[in-house]
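Peer 1: Structure incoming, see below.
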Amino acid sequence: MKKTIITLLALTLLWSCKEDKKTEEVVAQTETNAAALPPVSDATAENSVIYEANIRNYSKEGTFNAFTKDIPKLKQLGVKILWVMPIYPISMKRRKATGDKSIEDITDPNEKKKYLGSWYAITDYTAVNPDMGTLQDFENLVKTAHDNGMYVILDWVANHTGWDHKWITEHPEYYQHNAKGEVTDPIDPNTGKPWGWTDVAKLEYTNKKVYEPMKDAMLYWVKDVNIDGFRCDVADNVPTDFWNFAIPKLKEVKPLFMLMESEKPELLKGQFDMGYGFEAHHVMNDIVKGTKTVADWDKLMTHLSEKYENDDIMMNLTSSHDENAWNGSEYERMGDAAETFAALTYTMPGMPLIYTGQEYDNKRRLKFFEQDPIDRTEGKMFAVYEKLGRLKNTNIALNGGKKPASYTRLKTSADDKVLAFERAKDDQKVYYIANLSKSAQAFTVRVAGTFTDYMTGEKITLTEGQKLDAKPWQYWILTK
């Protein structure tokens, strides 16, 4: 009898433990589901920071895994959208090397190895570049980003392929041909001359047979790898008709965030969520050069308000992979004004971009066709971007999506040198005041009250008509 009781107690205890474990597993699963990243939505863009990940040059390893380790650090910067530059295998044929040389012009086999080619000369749309790792490594990158509250968008190159792509031989009808019937590299439609992108072959979208395979390749990454959208390279070189065909089919799987390398307003009225703020970027560079002033900025903001609808989103940038490689880092172009304009990209309407290395004060032009890893030593800008990201993420007065905060230019006594504006939404306000000139300025601005200088934490009281003294490129972000 005693043995029977002991046995029953043991079975009861075992059953109880199993039930407790099952309950714990259900609770854990529920908590995991509750914490899961919700699908991308219009609200995502309101307070997001976007980061352009150059996997090749982010680390000495140049791999997905080396980058993935640092995703929690990007979360510190307020990054919510991770744009990953092309991850696909790169064609060897006609691969760019150095200057005007292609890989065929290099005879030394050891020297050949260092020329990795352009990310945008793709040989297979549904594979990963083995130099960067495996598909599983990339899937882990996506999962880690999602676990850290970030959406992942992939760089997509629908305009052209590399010369090793199988379509060149299997479907030459997919490509643009010259008068001799040869597949050609891309031609500038305005001049009829080649762009100089000799390492890629131009796809021909007047043949709509290319629509389906291109859409299917994009669909693979959405369905099988769970990415959250695309950054579409030279989007306005591809017919709008293709985007109108493909993107709705992709969005049948899940909501997506679509960034276009274009500033054409009509594309934002269709399938894309955000365009490039090229015009604002160029005016920033020109102000530093001295060829334009704040008066030109004001004209630009009026022009943009007429060109775009209120719910059109533009990406604000002081650098990118192209800008850095071909025109120089923000320090080469902007010098001491780099931080001031970085702060402007966060406070003006739109979404700010951080390009790989900007958070680590990278001052070099990164090589485009070779590995050229950045130095990931924290300097001045990591803390600056961290503070700016926190403000962007949390203060609705900087909302820059479909329901943006208002932008109101504030009158100063030196409007050609000093930019001052108010961003406001509901009961929140943020003020940006900056001396955008190479000389010190004493000026008044029509703002009165007690504020916090957000970047220093100091209290500032301004009265009507009070003069402010600003060093060259000095700026303030004032909050209530």
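Peer 1: I need a count of the residues in the range 304-317 that are open to solvent by less than 50 Å² (accessible area, probe 1.4 Å) and over 23 Å from residue 247 (Cα atoms).
Peer 2: Counting residues in the range 304-317 that are open to solvent by less than 50 Å² (accessible area, probe 1.4 Å) and over 23 Å from residue 247 (Cα atoms) gives 3.
Residue-wise test of (1) under 18 Å from the mean Cα position of the chain (by Cα); (2) open to solvent by less than 30 Å² (accessible area, probe 1.4 Å).
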residue: 209; (1), (2): no, no
residue: 233; (1), (2): yes, yes
residue: 241; (1), (2): no, no
residue: 246; (1), (2): no, yes
residue: 266; (1), (2): no, no
residue: 281; (1), (2): yes, yes
residue: 284; (1), (2): no, yes
residue: 302; (1), (2): no, no
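Peer 1: Give me the pairs, please: first residue somewhere in the range 106-134 and more than 13 Å from residue 85 (Cβ to Cβ) and open to solvent by 60 Å² or more (accessible area, probe 1.4 Å), second residue anywhere and of a type in the set (Asp, Glu) and part of a strand (DSSP E or B), beta-carbon distance under 6 Å, and either six or more positions apart or on two chains.
Peer 2: Listed by first residue and then by second, the contacts come to nothing, as the list is empty.
Peer 1: Return yes when residue 144 is in contact (Cβ under 8 Å) with a residue 40 or more places away in the chain, open to solvent by 10 Å² or more (accessible area, probe 1.4 Å) and of a type in the set (Ser, Thr, Tyr) and no when it is not.
Peer 2: In short, yes.
Peer 1: Scanning for something surrounded by fewer than 21 Cβ atoms within 10 Å (Cβ to Cβ), among the basic types (Lys, Arg) and assigned to a loop (DSSP other than H, G, I, E, B), does the range 446-458 turn up at least one residue?
Peer 2: Yes, there is a match, as at least one residue in the range 446-458 is surrounded by fewer than 21 Cβ atoms within 10 Å (Cβ to Cβ), among the basic types (Lys, Arg) and assigned to a loop (DSSP other than H, G, I, E, B).
Peer 1: Just a yes or no: is a residue in the range 249-256 assigned to a loop (DSSP other than H, G, I, E, B), within 23 Å of the chain's Cα centre (by Cα), under 25 Å from residue 140 (Cα atoms) and free of Cβ contacts under 8 Å to residues at least 60 places away in the same chain?
Peer 2: Yes: one or more hits.
Peer 1: Please specify each residue of the range 429-452 satisfying the condition of being among the hydroxyl-bearing types (Ser, Thr, Tyr) and closer than 14 Å to residue 477 by Cα.
Peer 2: 431, 432, 450, 452
Peer 1: Please name all residue pairs, on different chains or six or more residues apart, with Cβ atoms under 7 Å, provided the first residue is in the range 325-338 and is more than 14 Å from residue 474 (Cβ to Cβ) and in contact (Cβ under 8 Å) with a residue 24 or more places away in the chain and the second residue is part of a loop (DSSP other than H, G, I, E, B) and open to solvent by 30 Å² or more (accessible area, probe 1.4 Å).
Peer 2: Listed by first residue and then by second, the contacts come to 325/365; 328/365; 329/363; 329/364; 329/365; 331/363.
Peer 1: Might you check whether a residue that is outside any strand (DSSP E or B), open to solvent by less than 20 Å² (accessible area, probe 1.4 Å), out of contact with any Ser or Thr (no Cβ under 7 Å at 6 or more places or on another chain) and not aliphatic (A, V, I, L, M) occurs anywhere in the range 148-166?
Peer 2: yes
The values are calculated or read from the model by the stated rules, or taken from the named source; none is laboratory data. Quick caveat: nothing in here was measured; it's all calculated off a predicted structure. Neighbour counts run over all protein chains shown; Cβ positions are idealised from the backbone, glycine included. Please note that ligands, DNA and RNA were not included when accessible areas were found on the heavy atoms of the full protein model with its side chains. Shrake-Rupley method; radii C 1.70, N 1.55, O 1.52, S 1.80 Å.
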